Amino acid sequence: MHIGAQPVPPSLVRAWRRLFPGHDYDTNYGLTETTGPGCVHLGLGNTEHIGAIGVPGFDWEARIVDFDGNDLPDGTPGELLVKGPGVMREYYRDPEASAAAIRDGWLHTGDIARRDEVGFIWLVDRKKDLIITGGENVSPVEVENHFMAHPAIQDIGVIGTPDVRLGELVTAVIQLKPGRTLSEREVLDYAEALPRYQRPRVIHFGAVPRNATGKIEKPKLRRRYAPADA
């Protein structure tokens, strides 16, 4: 099985491996700007690194940098930059966007990632989806992965909603499995395993919209639960 488009919760991969122990899986990471997937991939021989997107492919390079473009040490999240033969030349008739995306041959992906001590890259979240609450950066994907292991939860989308004091509140939209129930108190209890700043402050129960490639449609969630004119 080849996995792509969006990070898959490790709990789902582990469940899949229990159900299909004789099958292998591989994760491919790529963008339209890199001419599709493959610039970073896990490889069938490294499936013990559940959750990682892998290492740079043949003739590809990757860096993790801070917002000023400085390389970060292993374990520290930052923006993922890639360089290789598939990187686009430019955006059509958009020199400003091209200059912002490609600098010194490196494509700024807009994805936040970290590299572990053995060189595997782990996708944290989209840069634009990070929630800043009380000065802390919260990755929605990390919160979503935690809750996807709950037996009553079918799907979850986490966004930031405006707050005068904290800037944003971690807000969870939870879709339950058919026939299952879950109270707000039970959600908060399950969140106790997370650092305090990552725990949802606002909880909604409802459908989590996904597009044709399986990505959570965060803009739809924001329009519904965090309208700009609120």
Residue under evaluation E79, criteria (1) touching a helix residue (DSSP H, G or I) at 6+ places or on another chain (Cβ under 9 Å); (2) loosely packed, with under 15 Cβ neighbours inside 10 Å; (3) among the charged types (D, E, K, R), criterion not met: (2)
Against the condition at pLDDT below 95, not polar (S, T, N, Q) and not assigned by TED's automatic domain parsing to the domain that holds G51, how does G179 come out, does it pass? no
Which of the numbered conditions does W106 fail, given that it passes all the others? Conditions: (1) more than 24 Å from I131 (Cβ to Cβ); (2) exposed (fewer than 14 other Cβ atoms within 10 Å of the Cβ); (3) at pLDDT 95 or above. (2)
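Report yes if E144 is out of contact with any His (no Cβ under 6 Å at 6 or more places or on another chain), closer than 15 Å to Q6 by Cβ and not assigned by TED's automatic domain parsing to the domain that holds P56, otherwise no.
Values: out of contact with any His (no Cβ under 6 Å at 6 or more places or on another chain): yes; closer than 15 Å to Q6 by Cβ: yes; not assigned by TED's automatic domain parsing to the domain that holds P56: yes.
Answer is yes for this residue.
Given the options G30, G43, name the one that is at pLDDT below 85 and of a type outside the set (S, T, N, Q).
Values: G30 fails: at pLDDT below 85.
G43 is the lone residue from the list that is at pLDDT below 85 and of a type outside the set (S, T, N, Q).
Return the only residue of I153, I121 being touching a helix residue (DSSP H, G or I) at 6+ places or on another chain (Cβ under 9 Å) and surrounded by 15 or more Cβ atoms within 10 Å (Cβ to Cβ).
Numbers: I121 fails: touching a helix residue (DSSP H, G or I) at 6+ places or on another chain (Cβ under 9 Å).
The unique qualifying residue is I153.
D26 - would you say it is among the acidic types (D, E), touching a His at 6+ places or on another chain (Cβ under 6 Å) and within 30 Å of A149 (Cα to Cα)?
Details: among the acidic types (D, E): yes; touching a His at 6+ places or on another chain (Cβ under 6 Å): yes; within 30 Å of A149 (Cα to Cα): yes.
Yes: the conditions hold for D26.
Residues checked against (1) at pLDDT 95 or above; (2) among the acidic types (D, E); (3) closer than 20 Å to D125 by Cα:
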position	(1), (2), (3)
T171	yes, no, yes
L188	yes, no, no
G206	yes, no, no
A212	no, no, yes
Check on E61, surrounded by 12 or more Cβ atoms within 10 Å (Cβ to Cβ) and among the charged types (D, E, K, R): yes
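Across the range 1-11, what is the number of residues that are within 15 Å of K215 (Cβ to Cβ) and surrounded by fewer than 17 Cβ atoms within 10 Å (Cβ to Cβ)? Lay out the reasoning, then the answer.
Here is the first cut: in the range 1-11, the ones within 15 Å of K215 (Cβ to Cβ) are 3-9.
Keeping just the survivors that are surrounded by fewer than 17 Cβ atoms within 10 Å (Cβ to Cβ) gives 5-6.
Of the residues in that region, 2 qualify.
Being within 18 Å of the chain's Cα centre (by Cα), within 30 Å of K177 (Cα to Cα) and free of Cβ contacts under 8 Å to residues at least 60 places away in the same chain narrows it down to one of I131, I64, so name that one.
Working: I64 fails: within 30 Å of K177 (Cα to Cα).
Testing whether each residue is within 18 Å of the chain's Cα centre (by Cα), within 30 Å of K177 (Cα to Cα) and free of Cβ contacts under 8 Å to residues at least 60 places away in the same chain leaves just I131.
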Can you name the residue in the range 192-220 that is touching a residue at least 40 places away in the same chain (Cβ under 8 Å) and assigned to a helix (DSSP H, G or I) and, of all such residues, is surrounded by the fewest Cβ atoms within 10 Å (Cβ to Cβ)? A193
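The values are calculated or read from the model by the stated rules, or taken from the named source; none is laboratory data. From a predicted model like this one, the values you see are computed outputs, not experimental measurements. Note that we place each Cβ from the backbone using ideal geometry, even for glycine, and neighbour counts take in every protein chain shown.
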